Amino acid sequence: MPLSDEVQSRIEKTIASNKVVLFMKGTPEQPQCGFSATVTGILNNLTSDYKTVNVLEDPEVREGIKTYSEWPTIPQLYIDNEFIGGCDVIQGMYANGELHRTLGLEPIEPVRPKINLSDSAAASINAVIAENPDAAVHLTIDANWNHQFGLRSAKGHEIKTISNGVEILLDLDSAQRADGLVIDMADSPDGTGFSIQNPNAPPSADQISAEDLKRQLDSGVPLYLFDVRELEEREQASIEGARFLDESAVHFIESLSKETILVFHCHSGVRSQGAADFFSRQGYKNAYNLSGGIDAWSQRVDPSVPRY
């Protein structure tokens, strides 16, 4: 698509008026693609002084920036009027310290973390590797201490560590958060999965039992109960008064005092622990996870709630 003079002028004005400009999908608070989320995460570690342009709100700029930079994908980063690149390039520069230096910062010294992988966890990973021999094992630990394994090609800038015969690749930030990680396998009502203990992570949010939650609700203690499950699960069973944790609920929580009692639940208490931990790290002093989830509520408090 040809670049009109008007769109080119707007792009050039934005780039010239800001030291760091990121053309992305969505906003730093709510990225609308994984690549944009990755780049904003990197920039947030380095600076708070950067301009973003949400190309989803301006189709002309969305297509025009690709022509202007001669780069086919978004996000795109500019520093001091110079086009830096897209997500892969930025990740590589962040890993080798070049992005730090471009911004006038000292690079972070890479850490090769020690990870303790149990025999059962290693066997589980090796079984997947056997079916995908050309892929590498990646472990990502984001700023909210969510741990996620992935299987994909190596890009060359990852930090490598070996545990129990398994090679694990991490990005620079994940490696900083991974030293001393213990990974095992564990059974839960939702199935068998990885059990991860990270000594570097902030303390988890406290648990609340089904009985204690019922007592607090009956006594009129002001609290908010949030359901983190999928819609299909909510249609099968629900706790009276629980609110669906969607985007509007998140905004509502953000409007509340940090002293407010927040209780999160899912089916068994695994997924909701992540939500409780997240808000606990945001400064909410009374964020709780319902131990055992709605399944415990059904068994020990209200048998009329269907089990599934």
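The values are calculated or read from the model by the stated rules, or taken from the named source; none is laboratory data. These numbers were taken from a predicted model, which means no experiment stands behind them. Neighbour counts are summed over all protein chains in view; Cβ atoms, including those assigned to glycine, are modelled from backbone coordinates with ideal geometry.
Tabulated data
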read-out: Condition met for residue 73 (assigned to a loop (DSSP other than H, G, I, E, B) and at pLDDT 95 or above); value: yes
read-out: Residue tally, condition outside any helix (DSSP H, G or I), aliphatic (A, V, I, L, M) and either over 27 Å from residue 107 (Cα atoms) or within 20 Å of the chain's Cα centre (by Cα) (or both), over the range 28-68; value: 0
read-out: When residues of the range 129-155 are limited to those that are in contact (Cβ under 8 Å) with a residue 24 or more places away in the chain and assigned to a strand (DSSP E or B), the one farthest from residue 177 (Cα to Cα); value: 136
read-out: Hits in the range 44-71 - residues which are among the basic types (Lys, Arg) and farther than 28 Å from residue 173 by Cα; value: 62, 66
read-out: Qualifying residue in the range 49-56 (condition: over 24 Å from residue 8 (Cβ atoms) and not polar (S, T, N, Q)); value: yes
read-out: Options 2, 75, 107: the member that is in contact with a Gly (Cβ under 6 Å, 6 or more places away or on another chain) and not basic (Lys, Arg); value: 107
read-out: Options 125, 115, 183, 208; residue that is crowded, with 16+ Cβ neighbours inside 10 Å, more than 25 Å from residue 38 (Cα to Cα) and at pLDDT 95 or above; value: 208
read-out: Tally of residues being under 22 Å from residue 235 (Cα atoms), at pLDDT 95 or above and aliphatic (A, V, I, L, M) across the range 266-290; value: 1
read-out: Wholly enclosed strands (runs of 3 or more DSSP E) of the range 172-260 bearing at least 1 residues more than 30 Å from residue 127 (Cβ to Cβ) and among the aliphatic types (A, V, I, L, M); value: 206-208, 223-227
read-out: Pair list, Cβ < 9 Å and 6+ apart or interchain, from the range 219-231 residues that are more than 21 Å from residue 292 (Cα to Cα) to residues that are not in a loop (DSSP other than H, G, I, E, B); value: 221/215; 221/261; 222/261
read-out: Residue list for the range 72-85, restricted to those being surrounded by 16 or more Cβ atoms within 10 Å (Cβ to Cβ) and more than 26 Å from the chain's Cα centre (by Cα); value: 83
read-out: Residue that is nearest to the chain's Cα centre (by Cα), among those in the range 147-174 that are closer than 21 Å to residue 277 by Cα and surrounded by 13 or more Cβ atoms within 10 Å (Cβ to Cβ); value: 147
read-out: Hey, residue 269 on the phi > 0 side of the Ramachandran plot, touching a Leu at 6+ places or on another chain (Cβ under 7 Å), outside any helix (DSSP H, G or I) and buried (at least 17 other Cβ atoms within 10 Å of the Cβ) or not; value: yes
read-out: Filtered residue count, the range 183-220, keeping only those that are more than 25 Å from residue 41 (Cα to Cα), aliphatic (A, V, I, L, M) and out of contact with any helix residue (DSSP H, G or I) (no Cβ under 7 Å at 6 or more places or on another chain); value: 4
read-out: Qualifying residues in the range 241-261 (those that are closer than 25 Å to residue 188 by Cβ and over 21 Å from the mean Cα position of the chain (by Cα)) - the one surrounded by the fewest Cβ atoms within 10 Å (Cβ to Cβ); value: 243
